[in-house]
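Submitted below is the structure of interest, expressed as structure tokens.
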Amino acid sequence: MKKEYCGLFGVYGHPEAARMTYFGLYAIQHRGQESAGIVTWDGESIREQKGMGLVAEVFNERHLGKELKGNNAIGHIRYSTTGASLLRNAQPFLVRFGDLRLAIAHNGNLVNTVELREELEAQGSIFQTTMDSELFVHLIAKSLNGNTIEDAIMKACKKVKGAFSLLIMANNKLIAVKDPNGFRPLALGRVGDNYVFASETCAFDLIEAEYLRPVHPGEMVVVEDNKLTSYRYCEDAPKKQCIFELIYFARPDSYVFGEVVYERRKKMGEVLASEQPVDVDFVMPFPDSGNYAAIGYSQASGLPLELAMIRNHYVGRTFIQPSQDMRDFGVRVKLNPVRSMIKGKKIMIVEDSIVRGTTTRTRVKKLRELGAAEIHMRVSCPAIRYPCFYGIDFSSKGELIAANNHEDDIARFLGLDSLHYLSIDGLLSSVEDGGSYCLACFNGDYPIACPGMGKMCLEDENS
């Protein structure tokens, strides 16, 4: 299973700010299902509501209609990659500093957390959480003396290293910031006369907001009195946007990094079909992640597309566990094959990625049991051989099946007749600006070095 760090949404100047943020977070719920939070500002007071669970579980009509008052709001959904899975680590992170009320929501992962935390603690800072996101609060507070909040934020961002897209509420200001390399997505939009921000543009569609543009790498956008000001806080750095957003994480109806996710995934499938064709009866995805690459593969190859694996769309995060003799129930409850489609057929499965391979192996085994004559698999991204330190939770090389195994060995382990991963060149040809993406999980070329990268840059409790 792949986990993305989190999702952000913010709105300035809207009379239903909390409700708009609720819907924005609801639209990007796929980015994190661990916790959710909303903070609002009404011109005098700041209010918050956070909880563990899904957006619809954390907020109710009382919160949105009465308690979370104000025209400005930021929200956050989380899947922890640093910091334990605890309520105190839920975001946005809220502090009071003199007359300043400061709330921060962070998407990404910092790689110099340990050094900065030790330095700040030696200077007297007391941390309330295990999140790397809390570093921003302490760094900003230390730079506030005699400086504007904008200056303090820019100084803080220059000290941290790694991936960060931020939404910051500082009294009557809403501030969006992106790291110099632009790892994590963040988009700017407008609903009526009010500005909105979101990790993905599908959040704008739900609230009928107009998408304006991405927040640029190294940019700080400040909204005050419904006026927008853009600052450049660092020198130009190479763009290293996370290509896994286009491969897997983002919703297909979103613009991410200025690209249409649906079109990029379909193109990956088209290129994949040209790299290693095979004679089969039909193409099928493992829904839903493989759907769009499978469409591209089918259209480019001329092979029919069949939805021979059906997904149960009503499976929640938890369900009553069966007895031990009902093996692999957790896999089968989500996907189940159409039996009549399988027997005696040569099948091509298109999948978007393989991380550990255990789930794929179980599904392939089921197709074998149903009498499939041949089972081939094509993967619409290169083999994942290296851990990610910038906010995706495949952080241990030992967990990655492709890290120490040849393609043929992986095929045997999964029970496949053949396996082919999309080449790196093929992947880059599938996007509009191949040179602007981080490929570290495929080739080990890390844009920002992480201390202790040979083992792990964060303690086990933060994984």
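Filter the stretch 395-441 down to the residues that are closer than 20 Å to Glu263 by Cβ and in contact with a Leu (Cβ under 6 Å, 6 or more places away or on another chain), then identify the one that is surrounded by the most Cβ atoms within 10 Å (Cβ to Cβ).
Leu422
Still on this structure, I have one more. Those residues that are in contact with a strand residue (DSSP E or B) (Cβ under 8 Å, 6 or more places away or on another chain), within 22 Å of Phe244 (Cα to Cα), assigned to a loop (DSSP other than H, G, I, E, B) and not acidic (Asp, Glu), I need them from the stretch 340-387; list them, please.
Matches in the stretch 340-387: Ser353, Ile354, Ser380, Cys381, Pro382, Ala383.
Now a separate question. Any idea which of (1) in contact with a Cys (Cβ under 8 Å, 6 or more places away or on another chain); (2) within 29 Å of Leu116 (Cβ to Cβ) is the one Ser254 doesn't satisfy?
Ser254 satisfies every listed condition except (2).
For every residue, the table says whether it meets (1) at pLDDT 95 or above; (2) closer than 16 Å to Met169 by Cα; (3) not assigned by TED's automatic domain parsing to the domain that holds Ala163.
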{"residue": "Ala198", "(1), (2), (3)": "yes, yes, no"}
{"residue": "Leu206", "(1), (2), (3)": "yes, no, no"}
{"residue": "Ala209", "(1), (2), (3)": "yes, no, no"}
{"residue": "Arg213", "(1), (2), (3)": "yes, no, no"}
{"residue": "Glu224", "(1), (2), (3)": "yes, yes, no"}
{"residue": "Leu228", "(1), (2), (3)": "yes, yes, no"}
{"residue": "Asp236", "(1), (2), (3)": "no, no, no"}
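Of all residues in the stretch 4-29, how many are touching a Gly at 6+ places or on another chain (Cβ under 8 Å) and in contact (Cβ under 8 Å) with a residue 60 or more places away in the chain?
12
Test Phe282 against the stated conditions and say whether it is surrounded by 14 or more Cβ atoms within 10 Å (Cβ to Cβ), modelled with pLDDT of 95 or more and at negative phi.
yes
Right, something else. Name the pairs: first residue in the stretch 406-429 and closer than 15 Å to Pro382 by Cα and in contact (Cβ under 8 Å) with a residue 60 or more places away in the chain, second residue among the charged types (D, E, K, R) and surrounded by 16 or more Cβ atoms within 10 Å (Cβ to Cβ), Cβ to Cβ under 7 Å, at least 6 apart or on different chains?
Within 7 Å, the pairs are His420/Arg378.
Would you check which residues across the stretch 45-71 are crowded, with 17+ Cβ neighbours inside 10 Å and among the aliphatic types (A, V, I, L, M) and list them?
The answer is Ile46, Leu54, Val55, Val58, Leu64, Leu68.
Follow-up question, since we're still on this one. Specify the residue that is surrounded by the most Cβ atoms within 10 Å (Cβ to Cβ); the eligible residues are those in the stretch 285-312 that are touching a helix residue (DSSP H, G or I) at 6+ places or on another chain (Cβ under 8 Å) and in a strand (DSSP E or B).
Among those residues, the one meeting the criterion is Pro285.
In the stretch 190-208, what count of residues is obtained for those that are of a type in the set (Gly, Ala, Ser) and surrounded by fewer than 23 Cβ atoms within 10 Å (Cβ to Cβ)?
1
Suppose we filter Glu121, Glu134 for residues that are free of Cβ contacts under 8 Å to residues at least 60 places away in the same chain, among the charged types (D, E, K, R), surrounded by 15 or more Cβ atoms within 10 Å (Cβ to Cβ) and assigned by TED's automatic domain parsing to the domain that holds His76; which single one remains?
Only one candidate passes the filter, namely Glu134.
Can I ask one more? Restricting attention to the stretch 8-32, which residues are outside any helix (DSSP H, G or I) and either at pLDDT 95 or above or in contact with a Pro (Cβ under 7 Å, 6 or more places away or on another chain) (or both)?
Scanning the stretch 8-32 gives Leu8, Phe9, Gly10, Val11, Tyr12, Gly13, His14, Pro15, Glu16, Ile28.
Quick one: would you say Tyr292 is assigned by TED's automatic domain parsing to the domain that holds Ser353, touching a Phe, Trp or Tyr at 6+ places or on another chain (Cβ under 9 Å) and at pLDDT 95 or above?
Yes: the conditions hold for Tyr292.
Moving on. For Phe244, work out the one condition from (1) of a type outside the set (Asp, Glu); (2) at pLDDT 95 or above; (3) within 30 Å of Ile104 (Cα to Cα) it doesn't fulfil.
The one condition Phe244 does not meet is (2).
Keeping to the stretch 217-252, report how many residues are under 30 Å from Gly43 (Cβ atoms), without any contact (Cβ under 8 Å) to a residue 60 or more places away in the chain and not acidic (Asp, Glu).
Qualifying residue count for the region: 6.
Still on this structure: For Asn172, only one of the following conditions fails: (1) within 29 Å of Asp433 (Cβ to Cβ); (2) in contact (Cβ under 8 Å) with a residue 60 or more places away in the chain; (3) of a type outside the set (Phe, Trp, Tyr). What is its number?
(1)
Filter the stretch 30-44 for residues that are without any contact (Cβ under 8 Å) to a residue 40 or more places away in the chain and among the hydroxyl-bearing types (Ser, Thr, Tyr) and give the result.
Thr40
Can I ask one more? Before we move on, is Leu102 in contact with a helix residue (DSSP H, G or I) (Cβ under 7 Å, 6 or more places away or on another chain) and either surrounded by fewer than 19 Cβ atoms within 10 Å (Cβ to Cβ) or within 16 Å of Ile168 (Cα to Cα) (or both)?
Yes; evaluated as a whole, the condition is true for this residue.
For the stretch 371-390, enumerate the residues that are out of contact with any Leu (no Cβ under 7 Å at 6 or more places or on another chain), of a type in the set (A, V, I, L, M, F, W, C) and at pLDDT 95 or above.
Passing the criteria: Ala372, Ala373, Ala383.
The values are calculated or read from the model by the stated rules, or taken from the named source; none is laboratory data. For clarity, every value in this text was computed on a predicted model and none was experimentally measured. Note: ideal-geometry Cβ built from the backbone for every residue, glycine included; neighbour counts use all protein chains shown.
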